[in-house]
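Report on one structure; see the data block that follows.
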Amino acid sequence: MKTRITELLGIEHPILLPGMSWISKPKLVAAVCNAGGLGILATGPLTPEQTRASIREIRELTNKPFGIGCTLMMPGAKENAEVALEEQVPVINFSLGKGDWLVQRAHEYGGKVIATVTTVKHALSAQSIGADALLVTGHEAAAHGGDVTSLVLVPTIADAVDIPVIATGGFGDGRGLLAALSLGADGIAMGSRLATCQESPLHQNIKNEAIKKDQGDTVYSPNFDGIPARYMKTPTAVKLTKRPMSFPIAAIKATQAAKLVGQPVWKIMLGLFVMFDKIKLLAYFGAATPRLMAATEEGDLDKGMQFIGQTQGLIRDIPSVAELIERVIRQAESAHQNNGEKLV
Ligand SMILES: Cc1cc2nc3c(=O)[nH]c(=O)nc-3n(C[C@H](O)[C@H](O)[C@H](O)COP(=O)(O)O)c2cc1C
């Protein structure tokens, strides 16, 4: 299936794996690339050395284009982005920060840059700094989606910009892909759905839970990591999202979490002072880390919190990445034909 996004990124199918912390690791990234999509490595929990090693591992597993994700406001993200530029990674996806320097440096070696946005204002700003495409995240998404649902956000942003749009948040099958194309997008990114494939390092307990739970079994709240985010609904998630964590506790936990993600504590502290307005956000996010890891890596939903989208309702099996991507393309093509027949 060819679209502006397959042409831009040099891939076979307009399907992306977004950068998901502890999930979008080299093996899953490469599996998506080898199946004709584009995998994006998550670098949030990685040190620059680990980022370089992961890029090299991906290159051993696939000769197809791949991407790297950088949440620019997080500690260590700029250093990881530097590694990506040095390694001339084909696609760089940035969010939550100014990416003009990334665009300039990636374009020097022919790399492409995708900006993650949730509003028309940020979409226009990303286009103006030369981003090659946008990853537009709707309200249905796992983790930090926008306020507006994909059904409205995608066409309004697609109308406002000229560059290709990748829709994410709520896309889990071929009907979703066809719908995204109809809304003006040029491709989709599937987070929850690809996270529950065989090659994904997401703990088996969580994959099984995602099959049991449905589209209503998510909690959307700003109270856990400081930014509105969507989690799997469990008694722990309901309890921990009831009210915001107090700031002193969040700050202490953030410094503890710094060690877990391989970041020196001084760097977290420096971040707290330099970006005064982001103090609370950083502390909350750091404090959330051990619980996010407990779910994703240990499958512990009593202690842990799991990001998951409303697409949970569409997850009914654990296919291989290649099976899933082939199925999504087939479904989209047949839904396209059936839609023609529905018109009377
Ligand atoms: C387990 C999990 C972890 C995630 N971690 C991140 C992350 O570290 N950074 C990020 O920008 N988005 C993260 N996301 C969100 C995805 O990038 C994407 O926006 C979302 O999954 C799209 O919604 P969907 O799940 O309906 O496909 C995560 C999603 C999941 C399911």
Added length on full extension, which subtracts the Cα-Cα distance from 0.36 nm per residue, ASP302 to GLU49: 87.8 nm
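Can you give the extra length, in nm with one decimal, that the chain gains between ARG327 and ARG56 once fully stretched, where that is 0.36 nm per residue apart less the Cα-Cα distance? The partial results should precede the final answer.
Values: separation 271, 0.36 × 271 = 97.56 nm, distance 2.96 nm.
Roughly 94.6 nm would be gained on extension.
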Modelled FRET efficiency - R0 41 Å, GLN198 with LYS342, Cβ distances, 0.05 increments: 0.75
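Could you tell me which trypsin sites (Lys or Arg not before Pro) in the stretch 1-106 are loop residues by DSSP with no more than 13 other beta carbons within 10 angstrom of their beta carbon? Intermediate results must be reported in sequence, preceding the final value.
Values: sites: LYS2, ARG4, LYS27, ARG52, ARG56, ARG59, LYS78, LYS98, ARG105; in loops: LYS2, LYS98.
Listed in order of number, the matching sites are LYS2, LYS98.
Summing Lys, Arg as +1 and Asp, Glu as -1, what charge do residues with Cβ under 14 Å from the Cβ of ALA35 carry, ALA35 excluded?
Summing Lys and Arg as +1 and Asp and Glu as -1 gives +1.
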Accessible surface of the chain, 1.4 Å probe, proportion on carbon and sulfur as whole %: 56
Cross-link pairs LYS212/LYS242; LYS64/LYS213; LYS27/LYS303 - those with Cα-Cα distance over 31 Å: LYS64/LYS213
The chain: calculated mean residue ellipticity at 222 nm from DSSP helix runs of at least 4, using -39500 (n - 2.57): -14000 deg cm²/dmol
Contour minus Cα-Cα distance for SER334 and SER128 (0.36 nm per residue): 70.4 nm
C-alpha center-to-center spacing [the stretch 90-142, the stretch 306-321] in angstrom: 26
Relative contact order [Cα under 8 Å, 6+ residues apart], the chain, whole percent: 17
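The values are calculated or read from the model by the stated rules, or taken from the named source; none is laboratory data. Values in this document were obtained by computation on a predicted structure and should not be read as measured data. Counting neighbours? That spans all protein chains shown, and the Cβs are built from the backbone with ideal geometry, glycine included. With ligands, DNA and RNA removed, areas are computed over all heavy atoms of the protein, side chains included. Shrake-Rupley method; radii C 1.70, N 1.55, O 1.52, S 1.80 Å.
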